[in-house]
Amino acid sequence: MADGDTPPREDRRMRQRLADGEAAALGEVYDRYASLVHGLAHRVLGEERAADAVTHDVFVHLWQYPEAYDPREGPLRSWLADLTHRLAVQRLRSTGATALTRGDGGSREELERTVRRASAAARADYIVHSMPAPLRAALELAYFQRRDYRRTAADLGVTEDEARRRLRLGLQLLSTAHDTGPPRTAPGQGGAA
């Protein structure tokens, strides 16, 4: 199991501990996922203080509403990443809208393009870091180190067919980064968290 994967049973226990008000459980979740949450928030917002604020908001929300996380819907890691993304985008839109009303920002269309680009980049980062290590290694060799599939296969010690398969699967996963779907409301805005 990859480092970031958590067994569903452990996620269910963690949710129960949080629902029981066990502060140590929040500390464990924070220790395990704070860098993921902060990194995603920073990728969307591009600013350390704003990423810190979103990180704080994510863990406060988890503490106050542990029942919002349903382990049957997927891993806690994915739920936290989704919540982080929604809160960061909400903050980006809010600060952009404030700049628009003050006359400091560009147009509303420019703001939405910025939000879409930041969302896609954050999602791509999450996808790359969440994919299985063999796929990630193939992508890193082929795209970051500019190796062709033959050299990638040799470096990984796999057949050329296997290297092509890993690259194809990795790219298919990565291609979903732009499939952000319809905007969802953030917690406290009338939508489900």
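The values are calculated or read from the model by the stated rules, or taken from the named source; none is laboratory data. In this text the structure is predicted, and so the values were computed from the model without any measurement. Positions of Cβ are generated from backbone atoms using ideal geometry, with glycine treated the same way; all protein chains shown enter the neighbour counts. The accessibility values were calculated without ligands, DNA or RNA, using every heavy atom of the protein model including side chains. Shrake-Rupley method; radii C 1.70, N 1.55, O 1.52, S 1.80 Å.
Observations on the model:
- Subset of the stretch 18-34 [in contact with a Leu (Cβ under 9 Å, 6 or more places away or on another chain) and open to solvent by less than 60 Å² (accessible area, probe 1.4 Å)]: LEU18, ALA25, LEU26, VAL29, TYR33
- Any pair with Cβ under 6 angstrom, 6 or more apart, that starts in the stretch 113-141 at a residue that is under 26 Å from ASP161 (Cα atoms) and ends at one that is of a type outside the set (Gly, Ala, Ser) and not in a helix (DSSP H, G or I): LEU141/ARG147
- Residue in the stretch 10-28 that is within 21 Å of THR114 (Cβ to Cβ) and touching an Asp or Glu at 6+ places or on another chain (Cβ under 9 Å) present: no
- Evaluation of GLN145 against (1) modelled with pLDDT of 80 or more; (2) of a type outside the set (A, V, I, L, M); (3) open to solvent by less than 60 Å² (accessible area, probe 1.4 Å); (4) under 26 Å from the mean Cα position of the chain (by Cα) (one fails), failing number: (3)
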